[in-house]
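Comments concern the structure below.
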Amino acid sequence: MRQSMTGFASRQGQGLGLTSTREMRGVNGKGLDLRLRLPDWVEGLEPQVRALATKAPDRGNVQIGLKLASDGTEGAQRLDAAQLEALLTAMHEIEEAAMARGLSLAPSTSADIVALRGVLTSEAAEVDVARIRALLLSDFEAALAEFIAARRAEGAALTAILQGQFDEIARLVDEAAEAAEARMPQARERLRTQLARVMENAEGVDEARLAQELALIAVKADVTEEIDRLRAHVTRARALLAEDGAVGRKLDFLCQEFNREANTLCSKSGDPTLTSTGLALKTVIDQMREQVQNVE
């Protein structure tokens, strides 16, 4: 399926105490250019992500970003016996001092004591980099699938646009052929006039040079080859669009050939109708080339 070089995908994930946000975006480029922004503390992640990403797109500038953050969950809490003993001793001393002065203090509950700073401590969760890397790679494969799906959806839209432009070029080429045929009587009369002018000044001129000049006049008036090549280019463009793999560069080169033939057609037309058709061809060819720039 034809792919575009433009696409975007974003996914969020959670696991192993982390939340992750990954984004992939692509734009057109001459070759494949991967730019990664990944957490460097997850050892071995970048080369594996690069290896996976390289297998999917053939062309384009692709940016891959990954952000990690703690999901807010803490490690298991434990009772700090030493801190508890110190707090209970301090509370006992405070109560005795209060009683000695005739003061009565409200009894403390276990919830009150647990809420005091330092009684409960959180154990830092052990970081298992290998498990984190495996989880991130699994999530990345899903993000890559979404990215490729986005490029294919864009590619399907591009294919429809290009097929419509090929049809329009083919129609204009047929129109140019009809205009060229309709101008033949006028072209023949112009050729006769030009030949007469040459013959009037042919005395003493080298016969070989004269033959060249006459042939050049005839060639300049004939657009048959340009029309034939334009039709061949349309056939080739349709075939390329149906091929598997990256064909964007081939289509871009073919656009240059389209444009060259359209320019020659305009320069040789000698007829307002044919010139107008040639200019319309150039317009569609320019629009086609803009779309081709995004084809992988």
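Laboratory data are not the source of any read-out in this text; all were calculated from the coordinates shown. Since the model is a prediction, treat every value here as computed from it, not as a measurement. Glycine also receives a Cβ, built like all others from the backbone with ideal geometry; neighbour counts cover every protein chain displayed.
From largest to smallest, the equivalent ellipsoid semi-axes obtained for segment 77-122 from the alpha-carbon gyration tensor read 24, 11, 6 Å. As a proxy for reagent exposure, ranking 58, 128 by other Cβ atoms within 10 Å from fewest up yields 128, 58. In this simple spin-label approximation, residue 128 and residue 267 carry label points 7 Å from Cα along the Cα→Cβ vector, and these lie 7.2 nm apart. In straight-distance terms, cross-link reach from residue 282 covers every one of the lysines whose alpha-carbon lies under 16 Å from its own, apart from those fewer than eight places away in the same chain; here that gives 268.
Exposure proxy ranking for 258, 8, based on other Cβ atoms within 10 angstrom of each Cβ and starting from the fewest, stands as 8, 258. Cut-off under 29 Å on the C-alpha distance; same-chain residues fewer than 8 positions from residue 67 excluded. Which lysines are left, in chain and number order? Within the straight-line cut-off, residue 67 pairs with 30, 55.
The fraction of Cα-Cα pairs per 5 angstrom bin, counted from 0 for segment 19-177, comes to 2, 6, 11, 11, 9, 7, 6, 6, 6, 6, 5, 5, 5, 4, 3, 2, 2, 1, 1, 1, 1, 0, 0, 0 percent, rounded to whole percents.
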